[in-house]
1. Could you please let me know if THR125 is among the β-branched types (Val, Ile, Thr), surrounded by fewer than 20 Cβ atoms within 10 Å (Cβ to Cβ) and modelled with pLDDT of 95 or more?
2. Contact list please: Cβ distance under 7 Å, first residue in the stretch 124-144 and among the basic types (Lys, Arg), second residue open to solvent by 80 Å² or more (accessible area, probe 1.4 Å), pairs at least six apart or on different chains.
3. How do the helices (runs of 4 or more DSSP H) wholly within the stretch 1-116 filter down when requiring 3 or more residues that are hydrophobic (A, V, I, L, M, F, W, C) and in contact (Cβ under 8 Å) with a residue 60 or more places away in the chain: which remain?
4. Within the stretch 68-84, is even one residue more than 24 Å from GLY48 (Cβ to Cβ), in contact with a Cys (Cβ under 9 Å, 6 or more places away or on another chain) and open to solvent by less than 60 Å² (accessible area, probe 1.4 Å)?
5. Which of the residues spanning the stretch 36-83 are polar (S, T, N, Q), modelled with pLDDT under 90 and over 15 Å from GLY11 (Cβ atoms)?
6. Examine the stretch 160-171 for a residue that is loosely packed, with under 12 Cβ neighbours inside 10 Å and part of a loop (DSSP other than H, G, I, E, B), and state whether such a residue exists.
7. Of all residues in the stretch 18-41 being small (Gly, Ala, Ser) and open to solvent by less than 40 Å² (accessible area, probe 1.4 Å), which is farthest from GLN55 (Cα to Cα)?
Amino acid sequence: METGKKCALYGHPSAATSALSAALNAPVAQEVDSEVSCAIFALNASSGVDERTVQLWHQFDDLLMPRILVVTGFNEGLQDFDDAVLLAKRLLDDVATPFLVLHDEDGTPCALIDLETLKINNYRTGHVTNAEPEHIELISEFRSEYLAQLEAAGNDGFAAGIFFPAIPILIDDPEFQLGIDIVKRYLDSLPSLS
């Protein structure tokens with residue numbers, strides 16, 4: 001992340017906040033800080049979101065603060081990334097999903113598909129490929145919803161604090177860190193603090 005930007009991380013420790021804090025260079029915070037460039041919220045798909053995190057999210061509403069939701073734990077239990085997004089839409093805001101998780105044959109998350117470009121980034125192999133027709137068919141409704149949200153918010157919606165991306169993150173996998181690069185790209189797109 002560029003210098004001149006200060007971000008804060010919010011969320012329950014079950015959402016791997018310590019590891020996320022180190023990976024994103026964003027200290028874990030317990031109170032709203034109106035001086036940050038962006039508030040990063042972490043949600044564990046398996047354990048949900050705690051009431052304090054919900055309260056903090058809504059305290060940023062009046063500030064029109066850029067916020068990004070990172071979803072962890074979708075590889076740990078019965079709840080997946082899509083379930084976590086539905087929960088976030090109910091408790092936080094109308095979060096957008098610019099990427100969806102793809103799994104290996106054994107069911108483990110290994111790749112993200114970009115709903116705008118239809119590129120697949122396989123974090124296990126390091127290859128980026130075009131989506132196959134069967135992928136495109138499976139994600140068509142998600143893609144339509146995402147593109148409508150993106151169009152409604154405009155190109156600067158994230159920086160303006162009206163477009164909230166939800167990004168799937170695997171931070172504790174020994175092979176790769178799925179999604180961290182995407183969060184960093186969003187953070188890098190923000191203007192520096194003056």
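1. Numbers: among the β-branched types (Val, Ile, Thr): yes; surrounded by fewer than 20 Cβ atoms within 10 Å (Cβ to Cβ): yes; modelled with pLDDT of 95 or more: no.
No.
2. Every condition considered, the pairs that remain are ARG124/GLU175.
3. Working: elements: 17-24, 51-59, 81-91.
It comes to 17-24, 81-91.
4. Step one: filter the stretch 68-84 for residues more than 24 Å from GLY48 (Cβ to Cβ), giving none.
Within the stretch 68-84 (the criterion being more than 24 Å from GLY48 (Cβ to Cβ), in contact with a Cys (Cβ under 9 Å, 6 or more places away or on another chain) and open to solvent by less than 60 Å² (accessible area, probe 1.4 Å)), the answer is no, since none of the residues qualifies.
5. Passing the criteria: ASN75, GLN79.
6. Quick first cut of the stretch 160-171, residues loosely packed, with under 12 Cβ neighbours inside 10 Å only: none.
There is no residue in the stretch 160-171 that is loosely packed, with under 12 Cβ neighbours inside 10 Å and part of a loop (DSSP other than H, G, I, E, B).
7. To start, the set of residues in the stretch 18-41 that are small (Gly, Ala, Ser) comprises 18-19, 21-23, 26, 29, 34, 37, 39.
Still in the running and open to solvent by less than 40 Å² (accessible area, probe 1.4 Å): 21, 23, 26, 29, 37, 39.
Values: SER21: 20, ALA23: 25, ALA26: 20, ALA29: 13, SER37: 19, ALA39: 13 Å.
Ranking the qualifying residues of the stretch 18-41, first place goes to ALA23.
The values are calculated or read from the model by the stated rules, or taken from the named source; none is laboratory data. Predicted model only: the values in this text are computed from it and were never measured. Methodologically, a virtual Cβ is constructed for each residue, glycine included, from the backbone with ideal geometry; neighbour enumeration extends over all protein chains shown. In case anyone asks, the SASA skips ligands and DNA or RNA and just uses the protein heavy atoms, side chains included. Shrake-Rupley method; radii C 1.70, N 1.55, O 1.52, S 1.80 Å.
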